[in-house]
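Before any comments, here is the structure.
The values are calculated or read from the model by the stated rules, or taken from the named source; none is laboratory data. Treat the numbers as computed from the prediction; the structure is a model and nothing was measured. With ideal geometry, Cβ positions are generated from the backbone for all residues, glycine too; neighbour counts draw on all protein chains shown.
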Amino acid sequence: MKRRIITIVIFALVLIFTTVCHSASIVELSPHVSICRNFTNGVFIKKNGRTLVVYGDPGRNLKKVDKVLFTHNRRDVVWTGRKLVNKGAESVMPALEADSFSKADEFWTSFIKTRFHDTHQQTTKIPIMPLRVDREVSEGDTINWQNLTIKVLDTPGYTRGSVSYFVNVDDIKYGFVGDIIFGDGQLFDLYSLQDAVPDAKIGGYHGYAGRLGELISSLRKVSSQNPDILVPARGPVIKNPKIAIKRLIETLQAAYKNYLSINAGHWYFKDNYEVLAARVLEPDDKVDWMPYATTIRKKPPDWIVPIHNSRLVLSEDGAGFLIDCGSRAIIDEIIKLRDSGRLSRLEGLFITHYHNDHTNEINEFLRQFKCSVYACQDSKDILENPGAYRLPCLTSQGVPDLIALPDGHKMRWKEFNLTFYYFPGQTIYHDALLVEKDDSEKIFFIGDSFTPSGIDDYCLQNRNLLHPGMGFFYCLDFLRKMPPDYLLINQHVLEPFRYNQEQIKSMTEVLEKRRHILARLFPWDEPNYGIDERWARIYPYGQKIKPGRNVEITVKIFNHSNSSHIFTISPNVPKEFRLKPEKALINIKSRKEGEARFEIGVPDNISEKVYVLTSDIKFDKWDLRHWSEAVLEVYPE
Ligand SMILES: [Zn+2]
């Protein structure tokens, strides 16, 4: 009987929770504090007939308020407070992020160019329109309002400069902490934490969840304030902050320890990786580093010439087949080889992946050495149209006249059998080339995907999907099935190497464990939403258009969930632009990409500048406003 009552109570609670989630309703937390919960939270503190708001008003209930307190600069949260500020409320912003509010348009105007060759890898979910900054705050400041004293703490981590606010109201100590925690010990995503770690000498591109150390310190700082209730920017109200924070820190540490243990970067930056580990893990905790590949040769066979991060395959008759060409220095070395007589001519170029350090000088190379350029089908579009994507380290130079080959395509060249493979290791668009020399070595050129210490997934923006049969699961399974006499060559590593079967199995197991840890960490129904910023994207990402013309965009969505979903997509375009249709509903099967097309009409008399489009995406319980974006440069007729 007791069990039955409990079940009914739980059912009722679930029902209340679901109702709150689906419609923006206002729930009283204490006599003077209420919360409007939509997908994001808005906190309303009312006193003496006046109102102060934290985050914003996602249900658009309020007409006039005194102040809006913003914790951080995420546009998918900030939109809820924008209208109140425009109607005259005083805006209070974290000092370190004030510019990204007030100068948002300047960022996007320059981003049309800086998005190429970008190694910082910061999330682009930042405001697209400027928002007036009335007051900048940082740790130690207090905000006095209606006899309440609101204390400000710096709590960086989820963003670089976020703050939290603490206040006693109705004898309850409230903390408003932005996105540093989601509900009962979870985090909204991990890709937002990508950043450089200067004390470990790790740059932004290599800084997987680089702000984890800051995030954990911020969480501890929040816990030491002994708040009674935390209201994060998203997710359920936290009624037991200490337990929720402890749980989140433990899950973050488990995820990071798992990540470090099989990471390719340990090969390049061994000592720095100890610093990375120490920033996040407990002092007595140690990473179980995977032993390096069991076979490591000092250098490649003589028929392979390493030239910076290119490799030249040399035939006995002097002809050459180049792999990647990212810098002028590589072309200079090839010219030297030709002048010395060692290289007679170039007969082919294979591109492992689109990153600029592998592609920047391909056009110049082709001007000097006319030869065919090969890649696999999946890489064709990004190599030809890099500007259509928002991904790390894009080159601005598309490769024309590319020969795109199907996965597994075989080619005989001189005394070599070449086989071209799709190989989604370091990034989602990535290929590999197996070169088998007659009666000699078999070399598998794997681009940047592995080093002797493990997998290269240190840039979260590269879309290393963690589904069985995709990403590194796919690559590891591929290596497992290969005959045992090949050697791997990474474009940045001189030494060819090979893992044994046990290592391949253990890396696969680590990734399986990672899936479980991340499933605990994120509130999504599938962990890939928390590591794949581009699961919803506008294609093309960047385009140029003349006034008076129409342009087409496609919103592409990868459904990571285990079941199909109906996604509702509504692009947001500047109000002078026309949009057709205004909304689209698409049903996408599990682990498939679906898309909806829209036509945008640009008026004749529009000013010539950079416009940013965003798209709202709704599915299941998620109502994601201003989620993905694209840049449109209107230029003179
Ligand atoms: Zn790369």
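Quick check: anything in the stretch 457-466 under 30 Å from PHE182 (Cα atoms) and away from the ligand (no atom under 16 Å from the Cβ)?
Taking the stretch 457-466 first, the residues under 30 Å from PHE182 (Cα atoms) are 457-466.
From what's left, away from the ligand (no atom under 16 Å from the Cβ): 465-466.
Yes, the stretch 457-466 contains a residue that is under 30 Å from PHE182 (Cα atoms) and away from the ligand (no atom under 16 Å from the Cβ).
Which one of PHE70, PHE107, PHE44 is closer than 25 Å to LEU391 by Cα and among the hydrophobic types (A, V, I, L, M, F, W, C)?
Working: PHE70 fails: closer than 25 Å to LEU391 by Cα; PHE44 fails: closer than 25 Å to LEU391 by Cα.
Criteria check complete, one pass: PHE107.
Looking at the stretch 491-513, is at least one residue within 16 Å of the ligand (Cβ to nearest atom) and either without any contact (Cβ under 8 Å) to a residue 60 or more places away in the chain or out of contact with any helix residue (DSSP H, G or I) (no Cβ under 8 Å at 6 or more places or on another chain) (or both)? Step through it out loud before you land on a result.
So the first thing to find is which residues in the stretch 491-513 are within 16 Å of the ligand (Cβ to nearest atom), and the list is 491-493.
Those left that are additionally either without any contact (Cβ under 8 Å) to a residue 60 or more places away in the chain or out of contact with any helix residue (DSSP H, G or I) (no Cβ under 8 Å at 6 or more places or on another chain) (or both): none.
No: the stretch 491-513 contains no residue that is within 16 Å of the ligand (Cβ to nearest atom) and either without any contact (Cβ under 8 Å) to a residue 60 or more places away in the chain or out of contact with any helix residue (DSSP H, G or I) (no Cβ under 8 Å at 6 or more places or on another chain) (or both).
Filter the stretch 414-428 down to the residues that are outside any loop (DSSP other than H, G, I, E, B) and either touching a Gly at 6+ places or on another chain (Cβ under 7 Å) or small (Gly, Ala, Ser) (or both), then identify the one that is surrounded by the most Cβ atoms within 10 Å (Cβ to Cβ).
The first filter runs over the stretch 414-428 and keeps only residues outside any loop (DSSP other than H, G, I, E, B), leaving 416-422.
Next, from what is left, pick out any that are either touching a Gly at 6+ places or on another chain (Cβ under 7 Å) or small (Gly, Ala, Ser) (or both): 419, 421.
Numbers: THR419: 16, TYR421: 19.
Filtering the stretch 414-428 for residues that are outside any loop (DSSP other than H, G, I, E, B) and either touching a Gly at 6+ places or on another chain (Cβ under 7 Å) or small (Gly, Ala, Ser) (or both), the one surrounded by the most Cβ atoms within 10 Å (Cβ to Cβ) comes out as TYR421.
Filter the stretch 344-353 down to residues that are more than 22 Å from the chain's Cα centre (by Cα), within 16 Å of the ligand (Cβ to nearest atom) and not aliphatic (A, V, I, L, M), then give me how many there are. Lay out the reasoning, then the answer.
In the first step, residues of the stretch 344-353 are kept if they are more than 22 Å from the chain's Cα centre (by Cα); the result is 344-351.
Remaining after also requiring within 16 Å of the ligand (Cβ to nearest atom): 350-351.
Narrowing the set further to residues that are not aliphatic (A, V, I, L, M) leaves 350.
Of the residues in the stretch 344-353, 1 are more than 22 Å from the chain's Cα centre (by Cα), within 16 Å of the ligand (Cβ to nearest atom) and not aliphatic (A, V, I, L, M).
Filter the stretch 427-456 down to residues that are under 23 Å from the mean Cα position of the chain (by Cα), away from the ligand (no atom under 11 Å from the Cβ) and among the acidic types (Asp, Glu), then give me how many there are.
Qualifying residue count, the stretch 427-456: 1.
In this structure, does TYR486 turn out to be modelled with pLDDT of 95 or more, farther than 30 Å from LEU276 by Cβ and within 16 Å of the ligand (Cβ to nearest atom)?
Numbers: modelled with pLDDT of 95 or more: yes; farther than 30 Å from LEU276 by Cβ: yes; within 16 Å of the ligand (Cβ to nearest atom): no.
For TYR486, the condition - modelled with pLDDT of 95 or more, farther than 30 Å from LEU276 by Cβ and within 16 Å of the ligand (Cβ to nearest atom) - is not met.
Taking the stretch 300-343 as the search range and keeping residues that are within 16 Å of the ligand (Cβ to nearest atom) and more than 17 Å from ALA432 (Cα to Cα), which one is farthest from the chain's Cα centre (by Cα)?
Among them, the one singled out is ILE330.
For the subset of the stretch 295-318 comprising residues that are small (Gly, Ala, Ser) and either in contact with a Leu (Cβ under 8 Å, 6 or more places away or on another chain) or under 11 Å from VAL493 (Cα atoms) (or both), which member is surrounded by the most Cβ atoms within 10 Å (Cβ to Cβ)? So that I can check it myself, show each step before the final result.
If we filter the stretch 295-318 for residues that are small (Gly, Ala, Ser), which is where we start, we get 310, 315, 318.
Now drop any that are not either in contact with a Leu (Cβ under 8 Å, 6 or more places away or on another chain) or under 11 Å from VAL493 (Cα atoms) (or both), which leaves 310, 318.
Details: SER310: 25, GLY318: 14.
Checked the stretch 295-318; the qualifying residue surrounded by the most Cβ atoms within 10 Å (Cβ to Cβ) is SER310.
Pick from the stretch 196-223 the residues that are of a type in the set (D, E, K, R) and not in a helix (DSSP H, G or I): which of them is nearest to PRO156 (Cα to Cα)? Walk me through how you get there before you give the answer.
Taking the stretch 196-223 as the starting set, the residues that turn out to be of a type in the set (D, E, K, R) are 199, 201, 211, 214, 220-221.
Narrowing the set further to residues that are not in a helix (DSSP H, G or I) leaves 201, 211.
Values: LYS201: 19, ARG211: 8 Å.
Among residues in the stretch 196-223 that are of a type in the set (D, E, K, R) and not in a helix (DSSP H, G or I), the one nearest to PRO156 (Cα to Cα) is ARG211.
Among the residues of the stretch 374-389, are any surrounded by fewer than 17 Cβ atoms within 10 Å (Cβ to Cβ), more than 16 Å from the ligand (Cβ to nearest atom) and farther than 26 Å from LEU632 by Cα?
The answer is yes; a qualifying residue exists.
Considering TYR273, TYR292, TYR268, which residue is among the hydroxyl-bearing types (Ser, Thr, Tyr), within 25 Å of the chain's Cα centre (by Cα) and surrounded by fewer than 20 Cβ atoms within 10 Å (Cβ to Cβ)? Spell out the reasoning first.
On the way: TYR273 fails: surrounded by fewer than 20 Cβ atoms within 10 Å (Cβ to Cβ); TYR292 fails: within 25 Å of the chain's Cα centre (by Cα).
It is TYR268.
Looking at the stretch 390-403 only, could you name the residues that are surrounded by 20 or more Cβ atoms within 10 Å (Cβ to Cβ) and either within 22 Å of the chain's Cα centre (by Cα) or not in a loop (DSSP other than H, G, I, E, B) (or both)?
Initially, the stretch 390-403 is screened for residues surrounded by 20 or more Cβ atoms within 10 Å (Cβ to Cβ), giving 390-395, 399.
Selection gives ARG390, LEU391, PRO392, CYS393, LEU394, THR395.
What number of residues within the stretch 354-370 are of a type outside the set (D, E, K, R) and within 14 Å of the ligand (Cβ to nearest atom)? So that I can check it myself, show each step before the final result.
Filtering the stretch 354-370 for residues of a type outside the set (D, E, K, R) gives 354-356, 358-360, 362-363, 365-366, 368-369.
Now restrict to residues that are within 14 Å of the ligand (Cβ to nearest atom): 354-356, 358-360.
Residues meeting the conditions: 6.
Give me the strands (runs of 3 or more DSSP E) completely within the stretch 111-179, filtered to those with at least 2 residues that are closer than 20 Å to ILE216 by Cβ, ordered by residue number. I'd like the intermediate steps shown before the answer.
Working: elements: 135-137, 142-145, 148-154, 163-169, 172-176.
Per the criteria, 148-154, 163-169, 172-176.
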